[in-house]
1. Are any of the residues in region B:21-40 surrounded by fewer than 21 Cβ atoms within 10 Å (Cβ to Cβ) and without any contact (Cβ under 8 Å) to a residue 24 or more places away in the chain?
2. Just for region B:41-52: of the residues that are in a strand (DSSP E or B) and without any contact (Cβ under 8 Å) to a residue 12 or more places away in the chain, which one is surrounded by the most Cβ atoms within 10 Å (Cβ to Cβ)?
3. I'm trying to understand the selection: among the residues of region A:6-21, which are of a type outside the set (A, V, I, L, M, F, W, C) and more than 12 Å from A:SER107 (Cα to Cα)?
4. Take A:SER93 and tell me if it is away from every other protein chain (no Cβ under 14 Å), part of a strand (DSSP E or B) and out of contact with any Lys or Arg (no Cβ under 6 Å at 6 or more places or on another chain).
5. Check A:ASP56, A:ASP26, A:ASP38 and return the single one that is without any contact (Cβ under 8 Å) to a residue 24 or more places away in the chain and loosely packed, with under 15 Cβ neighbours inside 10 Å.
6. Could you tell me whether A:ASN100 is out of contact with any Asp or Glu (no Cβ under 8 Å at 6 or more places or on another chain) and within 14 Å of another protein chain (Cβ to nearest Cβ)?
7. Filter region B:11-69 down to residues that are of a type in the set (Lys, Arg) and in contact with a Leu (Cβ under 8 Å, 6 or more places away or on another chain), then give me how many there are.
8. Check off (1) at pLDDT 95 or above; (2) among the acidic types (Asp, Glu); (3) within 20 Å of A:TRP98 (Cβ to Cβ) for B:ASP10 and give me the number that stays unchecked.
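The values are calculated or read from the model by the stated rules, or taken from the named source; none is laboratory data. Keep in mind that this is a model prediction, so the values were computed, not measured. Because the Cβ atoms are built from the backbone with ideal geometry, glycine has one as well, and the counts that use them run over all protein chains shown.
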Amino acid sequence: NAGVTQTPKFQVLKTGQSMTLQCAQDMNHEYMSWYRQDPGMGLRLIHYSVGAGITDQGEVPNGYNVSRSTTEDFPLRLLSAAPSQTSVYFCASGTGPWTNEKLFFGSGTQLSVL
Amino acid sequence: GIQVEQSPPDLILQEGANSTLRCNFSDSVNNLQWFHQNPWGQLINLFYIPSGTKQNGRLSATTVATERYSLLYISSSQTTDSGVYFCAVGGSYIPTFGRGTSLIVHP
């Protein structure tokens, strides 16, 4: 099925632990991105990529790493989790961040850092 | 950075009613998009509308870029319209989102 597959759906970490959120799409989209959503807030861009081997920082990149070795995959790494990173994370892919076409979102990862 | 304000913050309607959601932004932008997040958290983009008017079924949007606002109209609302509506603005690759309008449509 076409779409964005984001895993895991839920994760609990202890402060200082590291983990990787996975994001994969099978639509051959060049543009992929990671957002975080905090309660009562809109989305904030963490990192984005415009193609394999090309990544750049968004609005809130500190504490997160990304890489884009293939067109399909765009993992987000938390290097040393902090309680401030408790949030819901969304991955998205499409033809670009601004588009008349559909921008595909993953179903989200609810992350709690204790 | 750009400030984005959405109003009203909350809206409760009966099925069949019409509504207007507003998005004000503090600076000129090249891009503006409206999103809907359903009660289960799923996000979809509704309109890319940096200027002008677009319609898609019961939804339509108008952006007046020179006056720095955009409006999203929902006509004959249905319970499936419930959720949070966000607008996002920006110049290139980094959008700035508003806090959203939470809409509840009662049957």
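1. Yes, some residue in region B:21-40 is surrounded by fewer than 21 Cβ atoms within 10 Å (Cβ to Cβ) and without any contact (Cβ under 8 Å) to a residue 24 or more places away in the chain.
2. Restricting to residues being in a strand (DSSP E or B) and without any contact (Cβ under 8 Å) to a residue 12 or more places away in the chain, the top hit is B:LEU43.
3. A:GLN11, A:LYS14, A:THR15, A:GLY16, A:GLN17, A:SER18, A:THR20
4. Spelling it out, it is not the case that A:SER93 is away from every other protein chain (no Cβ under 14 Å), part of a strand (DSSP E or B) and out of contact with any Lys or Arg (no Cβ under 6 Å at 6 or more places or on another chain).
5. Exactly one residue qualifies, and that residue is A:ASP56.
6. It is true that A:ASN100 is out of contact with any Asp or Glu (no Cβ under 8 Å at 6 or more places or on another chain) and within 14 Å of another protein chain (Cβ to nearest Cβ).
7. Of the residues in region B:11-69, 1 are of a type in the set (Lys, Arg) and in contact with a Leu (Cβ under 8 Å, 6 or more places away or on another chain).
8. Of the numbered conditions (1) at pLDDT 95 or above; (2) among the acidic types (Asp, Glu); (3) within 20 Å of A:TRP98 (Cβ to Cβ), the odd one out for B:ASP10 is (3).
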